[in-house]
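So the structure is just underneath, and the comments pick up after that.
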Number of protein chains: 2
Amino acid sequence: MSEESRGAPPTAFVPGHVTGFFAPHPADDPARAGSRGAGLTLTDGVRVTVREADGPTVTLDGDPISMPPVETVLDGLGVADRARVVAESDLPLGTGFGVSGAMALGAALAANDRFGCERSANDLVTLAHCAEVAAGTGLGDVVAQARGGVPIRLDPGAPGDGRLDGVPSTRRVEYVTFGDLSTVEVLAGDTDPLVSAGDAALSRLVDRPTLSTLVAESRRFARDAGLLTDRVREVVDAVVDTGGEASMVMLGETAFALDAGLTDAGFDAEACRTCDAGAHLVPADDR
Amino acid sequence: MSEESRGAPPTAFVPGHVTGFFAPHPADDPARAGSRGAGLTLTDGVRVTVREADGPTVTLDGDPISMPPVETVLDGLGVADRARVVAESDLPLGTGFGVSGAMALGAALAANDRFGCERSANDLVTLAHCAEVAAGTGLGDVVAQARGGVPIRLDPGAPGDGRLDGVPSTRRVEYVTFGDLSTVEVLAGDTDPLVSAGDAALSRLVDRPTLSTLVAESRRFARDAGLLTDRVREVVDAVVDTGGEASMVMLGETAFALDAGLTDAGFDAEACRTCDAGAHLVPADDR
């Protein structure tokens, strides 16, 4: 346990992450599996505290929840029988914000600190990434959330295998959520259109790494890959019609926009910002 | 220019960075040159604003200053004849806090935003890293400052060549400064003892990536490499005698300590924290 945490259980903050476009990349080794693509990390995120406990328990916003990636992380650290994971989220689960990845990564950071596991940052990210991939709940959220900012996932996989860059920007971000989409179902279908549309979008973003490119390419990807739902399409079109920049969150029935794009188009949107910091432990006096 | 910046010139914040130990790694290609080692990034840092100007001018805390790495960065972005760089630092120059690296990296981020250069984050870090290495003012600060947290530099060089990990911790940090040491002089001498002591320290930190290991190995490195000055030795010994953790900053006549180590030992120290975020643009309303 870190000296500073003595008395107060360690808490990690993990930013939310909305993927704009992606190309899934399966592999037998989960450390090499993942996705290429790009998205935005958000100051709205998840706080994860790890406490001592008799048995493994995970709660999200006060409710017990089954969360296989979190359990896999605790197993990997050898503390599954001793840790209780308490998560509080600004963001809804299952709507494309990477909440499950955030819980896995936050549990890794906080449990490592709480139980003196002495793992490195890359080890903890790898553990959480592999747990997410194995559970099928996400492909690129964990490595993006570990980086913060506006991550470009050039090559899939955990640190050491994957390769990241970023759009060097900070910006207000708005979002509206109508419900969930099943990541598992989408990835179980024909993923060839995702790969070709995702790789094309990535190539154009690498040529011109700006937020405007990211959002425009996300919109084109959502259409070309056939993932845009009617409800999100209406919202995105309304934002674009008022001169804003918006697209669909992959994968959730959720629209996001830069600046006040959704508000300006008349929607009752949540607002936050791109998150400067990647996942990190929170000092006891900031909780 | 980003839409949000219109009207207000862009400002970047770059954390300070104290190196605890290092092994210099020269190379003909500056993108492959640098150092292995480890250190702490600090919430005390440098704010860099880029404004339009007729000629190249750099100021630090209001005073004009010659800063070759900054000029090289502006040249690399093709804006040397148009940019004026205004830096404000919480930290003294030349005392081991990476202020010159922070100015180069901050200028890269802010100028890219101001003039719409459309470079990626890795490109900007590479530009600043190479400018620092070419000027001989630093070897590993820029890549560490781009990452934030508690960076471990596993392999030297810019993104793509270098390889980073980190100690997953957050902590209060204190420091006292007595003056500068010449990085150029130290690196012009026999660097074999630095390489052997630095690599040995790195290997032990990788085995056990905690802040306590980092500081203990930094202390051992400073002694083994023959860099510990009498004045800093007295301070570090006093902190250790009162049960604290401290070492010397590479390269400055500066001591740093975890928690309230210096205060507890009776010194009048500056206090900050490890910085969760790497170098980033600052929203206009946070300046």
- Item | Residues that are within 14 Å of chain A (Cβ to nearest Cβ) and farther than 27 Å from A:LEU109 by Cβ, drawn from the range B:244-287 | B:ASP264, B:ALA284, B:ASP285, B:ARG287
- Item | Single unsatisfied condition, B:PRO151 versus (1) surrounded by fewer than 19 Cβ atoms within 10 Å (Cβ to Cβ); (2) touching a residue at least 12 places away in the same chain (Cβ under 8 Å) | (1)
- Within the range A:109-124, can you find the residues that are without any contact (Cβ under 8 Å) to a residue 40 or more places away in the chain and at negative phi? A:ASN112, A:SER120, A:ALA121, A:ASN122, A:ASP123, A:LEU124
- Task: Determine if the range A:178-191 includes at least one residue that is touching a strand residue (DSSP E or B) at 6+ places or on another chain (Cβ under 8 Å) and under 21 Å from A:ASP28 (Cβ atoms).
- Result: yes
- Task: Hey, can you tell me all the residues within the range B:64-97 that are within 27 Å of B:PRO283 (Cβ to Cβ) and in a strand (DSSP E or B)?
- Result: B:ALA83, B:ARG84, B:VAL85, B:VAL86, B:ALA87, B:GLU88, B:SER89
- Note on the structure: Filtering the range B:105-131 down to residues that are out of contact with any strand residue (DSSP E or B) (no Cβ under 9 Å at 6 or more places or on another chain) and either over 23 Å from B:ASP81 (Cα atoms) or away from chain A (no Cβ under 14 Å) (or both) yields B:CYS130, B:ALA131
- Message: Contact list please: Cβ distance under 9 Å, first residue in the range A:46-72 and at positive phi, second residue at pLDDT 95 or above and of a type in the set (A, V, I, L, M), pairs at least six apart or on different chains.
- Response: A:ASP61/A:ALA87; A:GLY62/A:VAL86
- Message: Residues to consider are A:THR137, A:THR170; find the one that is in contact with a strand residue (DSSP E or B) (Cβ under 6 Å, 6 or more places away or on another chain) and polar (S, T, N, Q).
- Response: A:THR170
- Go through the range B:53-84 residue by residue and tally those that are crowded, with 22+ Cβ neighbours inside 10 Å and either among the small types (Gly, Ala, Ser) or touching a Gly at 6+ places or on another chain (Cβ under 8 Å) (or both). 2
- Query: Mind checking which residues of the range B:157-183 are within 12 Å of chain A (Cβ to nearest Cβ), of a type in the set (D, E, K, R) and under 29 Å from B:ALA260 (Cβ atoms)?
  - Reply: B:ASP165, B:ARG171, B:ARG172
- Message: Residues to consider are A:GLU234, A:GLU245; find the one that is in contact (Cβ under 8 Å) with a residue 12 or more places away in the chain and over 30 Å from B:VAL167 (Cβ atoms).
- Response: A:GLU245
- Are any of the residues in the range A:23-34 touching a residue at least 12 places away in the same chain (Cβ under 8 Å), within 12 Å of the chain's Cα centre (by Cα) and within 27 Å of A:LEU202 (Cβ to Cβ)? no
- Would you check which residues across the range B:249-287 are under 26 Å from B:ASP123 (Cα atoms), modelled with pLDDT of 95 or more and of a type in the set (A, V, I, L, M, F, W, C) and list them? B:CYS275, B:ALA277, B:ALA279, B:LEU281, B:VAL282
- Task: Out of the residues in the range B:195-211 that are touching a Leu at 6+ places or on another chain (Cβ under 8 Å) and not β-branched (Val, Ile, Thr), state the one that is nearest to the other protein chains (Cβ to nearest Cβ).
- Result: B:LEU211
- Message: Condition first: touching a Lys or Arg at 6+ places or on another chain (Cβ under 7 Å), of a type outside the set (A, V, I, L, M), under 24 Å from B:MET248 (Cβ atoms) and crowded, with 24+ Cβ neighbours inside 10 Å. Can you find one or more residues in the range B:101-114 that meet it?
- Response: no
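The values are calculated or read from the model by the stated rules, or taken from the named source; none is laboratory data. What you are looking at is a predicted structure, and each value in this text was computed from that prediction instead of being measured. All Cβ positions, glycine included, derive from the backbone under ideal geometry; neighbour counts span all protein chains shown.
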